[in-house]
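Student: I am attaching a structure below and will ask some questions about it afterwards.
A short reminder: the numbers here are calculations on the coordinates, not readings from a lab. Keep in mind it's a predicted model, so treat the numbers as computed, not measured. Virtual Cβ from ideal backbone geometry, glycine too; neighbours counted across all protein chains shown.
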């Protein structure tokens, strides 16, 4: 057990050191930020999908709630943006609490209801009648507190936090009870797992990570629109990255997000339809031939993936 | 009062069309117990095919119906045999099919962008002439009437197929219980393939007429249509094709009332409706449960 914690710890330290040092050698800070963002989000999806099997198709709702929660706190209260990022995370947790009843739905029904919830949240935030609070469709302008470096290191801290949470779940009794829920809810509850409590905690942790990511994104970007932070693409990218790497492990989603986001950056930004075509085929191929992700290839060869 | 009458009648017509929008998704769900997450994209693809037939070959949308239907039927067969049998044998068909069809929707969207670009496309509503028609003193474009008649025709066809043909009876047996149908000697695989293709055909027909009811088509319109369709079939009841019509009508009238009286919040309606029905009456208005505790 201790050895597994050490392995997880070395993965976390490796990632942290790489992102601490990379800005000295590689000047495209925005690429590095977005890469960390998707690593963090992929681990966030991993918490809920990898360990409990609930597919959060509306995951972007938490991201947007975090970005807006944090931006509204900055605009109205003028407190340190760093505190506001945490408040953004809390805003996402609050959204998650409202959505807890959705966890009663199973499988694809949960996924669609969650998608609908994120769209509803988007339409509320972007509604012109909400202009006094959220600026409606006109977007948020945080250029008065703009500080790219601070935003970058905040995101790094968020990423480390997300990895620590996943490492804990992966190696603890709590994680084991979540996996039991994933296999069979009724049997899990008979074996003494408090199903409702365990899955609600995982759900809120997952929301918290997405909210922190959203807050950091808002601070780093400074100007954003509801259509950016509630874009379905965020959910989709995150889920595909996590699936590709292999959920239920710490390293899988990191690997998936690293490979695919880098690829997106090379071919996707100039001609998004090529990337869309590619990842459409990738999803189909994954489901048919590799439903447990890249990590499962190693696991089949009896290699332990942290 | 005038607005009220208009809202009701427009809502019913709008709802009949949306019954057609949801129908394809629901019959596929009924037989395969899979959610075709690319459903909205099949509607989108159907509308682009109709646009192409009208714009480049001058084929009237009404004449395009059998052509589009045949194309989608033939498209459905390879898609079915490439994916569905493998999915049914996999360890978690419900979830994996959901993800797979999502991938398919992305491929379709990207391909349409390749061929048609990212612009909005439309067939003018004057394709059926500029005449109007009047019900209870309210005037509507003739295209709405034609759309409703086509949708009613499609419902009639589904009803006739399910209730009055041998294959239809077998289909209802597969819907009720796949394993028992297999044991009693029904060729489940063939029925499933047929119904899958029918689902795509119904989606594509909805696509042809979407221009006159919803407006211009664009490649990324699929996701929203899928969500709306899902709201409608959950409302009607999952797996019950004729319940879809009821779901569509409720949705149509509700949308029209929102647009007439609270227009700034009208867009949010399908999402709220979907969540509310799933949480409080998951079995739909006329059907069986689809939720687990």
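Student: What is the fewest-to-most order of A:300, A:182 by other Cβ atoms lying within 10 Å of their Cβ? The partial results should precede the final answer.
Tutor: On the way: A:300 9, A:182 17.
The most exposed by this proxy come first: A:300, A:182.
Student: Within 10 Å of each Cβ in peptide B:31-37, how many partner chain Cβ atoms are there on average? Round it to a whole number, please.
Tutor: Details: counts 0, 0, 1, 1, 5, 0, 5.
So the per-residue partner count for this stretch is 2.
Student: Further question on the same structure: Given segment B:81-173 reduced to its alpha-carbon atoms as identical point scatterers, what log10 I(q)/I(0) does the Debye formula return at q = 0.14, 0.22 Å⁻¹?
Tutor: Once normalised to I(0) and log-transformed, intensities are -0.98, -1.02.
Student: Counting only other chains, what is the mean number of Cβ atoms within 10 angstrom of the Cβ of each residue in peptide B:263-276?
Tutor: Other-chain Cβ atoms within 10 Å of each residue's Cβ, averaged: 5.
Student: Moving to a separate point now. In whole percent, what relative contact order does chain B give with Cα contacts below 8 Å and a gap of six or more residues? Don't jump to the answer; show the numbers that get you there.
Tutor: Details: 449 pairs, mean separation 115.1, N = 293.
Rounded, it is 39 percent for chain B.
Student: Another one. Could you list the square roots of 5 times each eigenvalue of the Cα gyration tensor of chain A, that is, the equivalent ellipsoid semi-axes, sorted largest first and rounded to whole Å?
Tutor: Computed over chain A, the values are 29, 23, 19 Å.
Student: Still on this model: Calculate I(q)/I(0) for chain B by the Debye formula, one identical point scatterer on each C-alpha and no solvent, and give its log10 at q = 0.08 Å⁻¹ to two decimals.
Tutor: Computed log10 I(q)/I(0) values: -0.33.
Student: Counting each DSSP H run of 4 or more residues in chain B as -39500 (n - 2.57), what helix-only mean residue ellipticity at 222 nm follows after dividing by all residues, to the nearest 500 deg cm²/dmol?
Tutor: On the way: 11 runs with 217 residues, N = 293.
That comes out to -25500 deg cm²/dmol.
Student: To continue, here is another question. Once every DSSP H run of n ≥ 4 in chain A is given -39500 (n - 2.57) and the sum is divided by its residues, what mean residue ellipticity at 222 nm do you get, rounded to the nearest 500 deg cm²/dmol?
Tutor: It lands at -24000 deg cm²/dmol.
Student: Starting with the highest mean, order B:126-135, B:105-114, A:221-230 by the number of other Cβ atoms within 10 Å, averaged over the residues of each peptide. List each step's numbers first, then the result.
Tutor: Details: B:126-135: 12.6, B:105-114: 21.4, A:221-230: 18.6.
Ranking, from highest mean packing down: B:105-114, A:221-230, B:126-135.
Student: Related question: Give the peptides B:69-75, B:97-103, B:190-196 in descending order of average Cβ contacts within 10 Å, highest first.
Tutor: The most tightly packed comes first, giving B:97-103, B:190-196, B:69-75.
Student: Another question, then. Please provide three numbers in whole Å: the alpha-carbon extents of the protein assembly as shown along the principal axes, with the largest listed first.
Tutor: 70, 59, 44
Student: What average count of beta carbons from other chains do you get within 10 Å of the Cβ of residues in B:92-98? Please report the intermediate quantities before stating the final value.
Tutor: Values: counts 3, 1, 5, 10, 4, 2, 8.
Going residue by residue through B:92-98 and averaging, the value is 5.
Student: Can you tell me which of A:40-50, B:57-67, B:202-212 comes out highest on packing, and rank the rest after it, using the mean Cβ neighbours within 10 Å?
Tutor: Listed from highest to lowest mean packing, they are A:40-50, B:202-212, B:57-67.
Student: Sorted from largest down, what three extents in whole angstroms do the Cα atoms of segment A:164-275 have along their principal axes?
Tutor: 53, 26, 23
Student: Using the number of other C-beta atoms within 10 angstrom as an exposure proxy, rank B:278, A:90 with the fewest first.
Tutor: Exposure proxy ranking, most exposed first: A:90, B:278.
Student: Any idea what the relative contact order of segment A:2-232 is, in percent, if you count C-alpha pairs under 8 Å spaced at least 6 apart?
Tutor: About 37 percent, as a whole number.
Student: Right, something else. Measure off 7 Å from each Cα along the Cα-to-Cβ vector at residue B:264 and residue B:5, then give the distance between these two points in nanometres to one decimal.
Tutor: Distance between label points: 3.1 nm.
Student: Points 7 angstrom from Cα along the Cβ direction at residue B:140 and residue A:302: gap in nanometres?
Tutor: Between residue B:140 and residue A:302, the simple spin-label model gives 7.0 nm.
Student: Distance in nm between label sites at residue A:77 and residue A:184, each 7 Å beyond Cα in the beta-carbon direction?
Tutor: About 4.7 nm separates the two model spin labels.
Student: Whole Å is fine, so just give me how far the alpha carbon centre of segment A:178-224 lies from that of segment B:103-161.
Tutor: That distance is 42 Å.
Student: Another question, then. If we count other beta carbons within 10 Å of each Cβ, what is the order of B:41, A:141, fewest first?
Tutor: Ranked by crowding around the Cβ, least crowded first: A:141, B:41.
Student: Using a Förster radius of 41 Å, what is the FRET efficiency between residue B:216 and residue B:91 based on their Cβ-Cβ separation? Nearest 0.05, please.
Tutor: Efficiency, rounded to the nearest 0.05: 0.45.
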